[in-house]
1. Compute the FRET efficiency between Leu81 and Glu6 as 1/(1 + (r/R0)^6), taking r as their Cβ-Cβ distance and R0 = 41 Å, and round to the nearest 0.05.
2. As I understand it, the value is the acute angle between the Cα axis of helix 142-162 and the longest principal axis of the Cα atoms of the chain; what does it come to in degrees, rounded to 10?
3. Counting alpha carbon pairs within less than 8 Å and at least 6 residues apart, what relative contact order, in whole percent, applies to the stretch 6-162?
4. For labels at Arg152 and Ala104 in the simple 7 Å Cα→Cβ model, what's the distance in nm?
5. Counting only helical runs of four or more DSSP H residues, what would the 222 nm mean residue ellipticity of the chain come to if each run contributes -39,500 (n - 2.57) and the total is spread over all its residues?
6. Looking at the chain, which longest stretch skips every one of the trypsin sites (Lys or Arg not before Pro) that is in a DSSP loop with at most 16 other Cβ atoms within 10 Å, leaving the sites themselves out?
7. Size of the dipole of the stretch 6-162 about the Cα centre, Lys and Arg at +1 and Asp and Glu at -1 on the beta carbon, nothing else charged, in debye to 20?
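Coordinate-derived values only; no laboratory data. Please read all numbers here as calculations on a predicted model, not as lab measurements. Here the Cβ is made from the backbone with ideal geometry for all residues, glycine too, and neighbour counts use every protein chain on show.
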Amino acid sequence: MRPLTEDEIRGAFVNATEDDLRVMAMPHSLLLTEWDFLDFFTWCDPHARGRGYLVVERDGKPTAVVLRAANSSASHAQSALCNMCHTMQPGDQVTLFSARRAGAAGAAGDAIGTYICADLTCHENVRLAAPLTPLEVRADGMVDVRIDGARRRLESFVDKVLAVRVS
């Protein structure tokens, strides 16, 4: 990703209300972000539990989405799969996040949801290669395949937020 300023990020939200933008807290590490190593930018709001944000580049411009975590107690599942990075996590580390759709559909209450790593660190998780057994050899490019897959799934999610629902 290209480096983004706070103003660029705030201006990129497609499903945020004025109140969302007013209470949004940027990550404490924004000034230290290494943009060259990011394919998308996500963070959990440090002041609002259960609220997160994601930013992707579409056609060279940033597009951002407000996420809300489902209100639920700890998961009873032993493990769960993040739908973005396709990483298996302990069940309580994957959360159902919803995003209000953009435009009139979102104003009418239409939203979509998917299971994502609770701490929104998918961009880091795809870069971690799975441990090898003593006789395994890692294929070149496997991490790149995971990164590309996560980016495609995230872009698809954003496309659904932007899509106008036909009844």
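1. 0.80
2. It works out to around 20 degrees.
3. Numbers: 249 pairs, mean separation 32.8, N = 157.
Normalised by residue count, the contact order of the stretch 6-162 is 21 percent.
4. About 3.4 nm, to one decimal.
5. -7000 deg cm²/dmol
6. Here the longest segment lacking exposed loop sites spans 50-126.
7. Working: 16 positive and 22 negative charges, 101 e Å.
Dipole about the Cα centre, nearest 20: 480 debye.
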